[in-house]
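What follows is a single structure, written as structure tokens, with notes after it.
No value in this document is a laboratory result; all are computed from the given coordinates. From a predicted model like this one, the values you see are computed outputs, not experimental measurements. Quick reminder, even Gly has a Cβ in these numbers, built from the backbone with ideal geometry, and neighbours come from all protein chains shown.
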Amino acid sequence: MNTKKFTMLSVTSALAFTLAACGDEDTSNQTVQEQLDYEIIGIDAGTGVMASTDVAIETYDLDFNVLSSSDAAMTSELGSRYAEEEPIVVTAWTPHWKFIEYDLKFLDDPELAFGESEDIHTVVHPSVEEEHPSAFEVLDRFYWTEEDMGYVQGLLYEGTDDDEAAIDWITDNRDVVDEWVAGVEPVDGDEFLLASGAWDSERSSTAVVKHVLEEIGYEVSVNNLEVTIMWQAVAQGDAHAHVAAWLPHTHAAQYESFQDDVLDLGPNLEGARIGLAVPTYMDIDSIDDLRED
């Protein structure tokens, strides 16, 4: 029986404590579990990847703690340990800039605790089709690739402003954007509200859609919300749309709760993935390798 716990504390503080305690130890004879201090570095509690990590711990009977933090704290910890080639396992998803910045690998998941690959969907309030037909048409056409999103995420990682990063991608992919807006009737300052999350994947897609809608005359506002509130905002009509629905696994609970009050326009990006990842210098390949014999 596993004794996993979910720990709500500062990942940075936990790292400092761990390194202080273990900095002088010889780890050559330690198991991989001991080298990792029985810890998985996670992100925000309540997110889909954290819920799936819970499933993975139960499925693989892992005696690991999950440190709840944030995307920024997780990647900061990853960067610190990566620089010293120290062991670390993190909750992970693609597209994400960390796979561009660092040599990482997903751990194999033979039991599919994290599910198979996912798609990111566009979700709108049902009223949008009639009240904002031009925006509806653009949102229905919006589709890009993992490489496209990764490019924008890379700019965000380098410190580029969301708007500037979106404009950069739009400028370089004018032919794609022209297909999204072809024949769409311009509007004159109509207000449109996009709900989004604070993660780089959502920031990237939302920023691009925001600027494309502004090209056809909308006044667009963006509200960054926790994932369930993001879905709820669209379902209740407090926001018109979001382009950040990870389905069928990560946002399964939110879809179940709000599917009758939203309109799913289908994928805007295919082949997304969530799971556990480690640096390639670590000699493990499967979540099974985290289980003690």
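Placing +1 on the Cβ of every Lys and Arg and -1 on the Cβ of every Asp and Glu, with nothing else charged, gives the chain a dipole about its Cα centre of roughly 500 debye.
Against the set (1) 1, 5, 12, 15, 17, 15, 12, 9, 7, 4, 2, 1, 0, 0; (2) 1, 6, 13, 18, 20, 19, 14, 7, 2, 1, 0, 0; (3) 1, 5, 10, 13, 14, 14, 12, 10, 8, 6, 4, 3, 2, 1, 0, the structure's computed P(r) over Cα pairs in 5 Å bins from 0, in percent falls on (1). Each of ALA182 and ASP168 was given a label point 7 Å from its Cα along the Cα-to-Cβ line. The distance between the two points is 2.8 nm.
Go ahead and run the numbers for FRET between GLU129 and THR160, Cβ-Cβ distance against an R0 of 41 Å, rounding to 0.05. Efficiency for this residue pair is about 0.75. Computed on the Cα trace of the stretch 101-183, the radius of gyration divided by the Kirkwood hydrodynamic radius gives Rg/Rh = 1.07.
Calculated FRET efficiency, GLU84 to ASP285, Cβ-Cβ distance, R0 = 30 Å: about 0.85 to the nearest 0.05. Springs between Cα atoms under 10 Å define the GNM used for the chain, and in it the highest mean-square fluctuation of GLY48, GLY275, GLY217 occurs at GLY217. Each part gets one Cα centre, and for the stretch 64-113 versus the stretch 161-202 those centres are 29 Å apart.
Remark: the ALA51-ASP261 segment gains 73.2 nm on full extension, using 0.36 nm per residue and subtracting the alpha carbon distance.
Sequence gap at least 6, Cα distance under 8 Å: using those rules, report the relative contact order of the stretch 118-272 to the nearest whole percent.
44
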